[in-house]
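Heads up: the structure comes next, in structure tokens.
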Amino acid sequence: TLLNILTNRNTGGLKINGQIFANGVAVDGNNISNISAYVQQTDIFMGELTVKEHLTFTARLRMDSSYSHDDKRQRIQEVIRQMGLMGIESSKIGSPGTADSISGGEMKRLSVASEILTKPSILFLDEPTSGLDSYLAKTIAECLQGVAKTGCTVLCTIHQPSSEVFYLFDRLLLLSMGQTIYHGDTRSALNFYESMGYPCPQNYNPADRKAHV
């Protein structure tokens, strides 16, 4: 719900109060969509296309005439490398869950690659690690960390991350019943738990501990 409000998507029936600011400047739904991209939990691909064909098709749709053909081709190769898709760029995407499809983790990375083609200033993601095992979840999180290092602000919702994934995030916002209970540096969350009377035991996943705060 929070991401839908921030991106002005699927907000029918919701009563929304307040303002949204980006770098101290108030923005509305149309303005935020001009500078951001949104990776939802599920994406629909044309299974007969290869990974590179899908990105080429997406680039032609989303990258305007200010980009030359060579610019688009170069950007496609950049995101393929950035999202670790080099080994499967010529593979057909296929249908999820079938033997001849790319993996769930690869599909998620392809979803991210599709959205960062235009170099958005903000990237929103709705539970990008859901349905993935711990290794693939960590791979996705590391790719997103790489995107953030290019200057793109990455915001995502996430449920029960592993401790490895938890510590890849710079800042953390904990919500309970729609209310903010913590917002700050990720590593300072342990001090917050302790101040609330719920110290996190040694070698315990802080993401699991928050469920008891």
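The values are calculated or read from the model by the stated rules, or taken from the named source; none is laboratory data. These numbers were taken from a predicted model, which means no experiment stands behind them. Because the Cβ atoms are built from the backbone with ideal geometry, glycine has one as well, and the counts that use them run over all protein chains shown. Side chains included, ligands, DNA and RNA excluded: accessible areas come from the protein's heavy atoms. Shrake-Rupley method; radii C 1.70, N 1.55, O 1.52, S 1.80 Å.
Structure notes:
- If you filter the stretch 165-182 down to residues that are part of a strand (DSSP E or B) and within 20 Å of residue 130 (Cβ to Cβ), you find that the one that is least open to solvent (accessible area, probe 1.4 Å) is 174.
- If you go through the stretch 89-112 and keep only what is over 21 Å from the mean Cα position of the chain (by Cα) and of a type outside the set (D, E, K, R), you end up with 90, 91, 94, 95, 97, 98, 99, 101.
- Count - residues of the stretch 62-103 that are within 16 Å of residue 50 (Cβ to Cβ), of a type in the set (A, V, I, L, M, F, W, C) and open to solvent by 70 Å² or more (accessible area, probe 1.4 Å): 1
- Only one of the numbered conditions (1) assigned to a helix (DSSP H, G or I); (2) of a type outside the set (Val, Ile, Thr); (3) open to solvent by less than 40 Å² (accessible area, probe 1.4 Å); (4) at pLDDT below 90 is violated by residue 194, and that is (3).
- Of the criteria (1) without any contact (Cβ under 8 Å) to a residue 24 or more places away in the chain; (2) open to solvent by 70 Å² or more (accessible area, probe 1.4 Å); (3) within 30 Å of residue 178 (Cβ to Cβ), which one residue 20 fails: (2)
- Condition met for residue 155 (modelled with pLDDT of 85 or more, more than 27 Å from residue 79 (Cα to Cα) and part of a strand (DSSP E or B)): no
- The set of residues from the stretch 28-60 being modelled with pLDDT of 85 or more and either assigned to a strand (DSSP E or B) or of a type in the set (Asp, Glu) (or both) comprises 36, 37, 38, 39, 48, 50, 53.
- Matching residues in the stretch 107-145 - criterion: being closer than 22 Å to residue 32 by Cα, open to solvent by 20 Å² or more (accessible area, probe 1.4 Å) and either part of a helix (DSSP H, G or I) or not acidic (Asp, Glu) (or both): 115, 118, 119, 121, 122, 145
- Look at the stretch 89-105: where a residue is free of Cβ contacts under 8 Å to residues at least 24 places away in the same chain and a partner is aromatic (Phe, Trp, Tyr) and crowded, with 16+ Cβ neighbours inside 10 Å, sitting 6+ places away or on another chain with Cβ atoms under 9 Å, you get 96/45.
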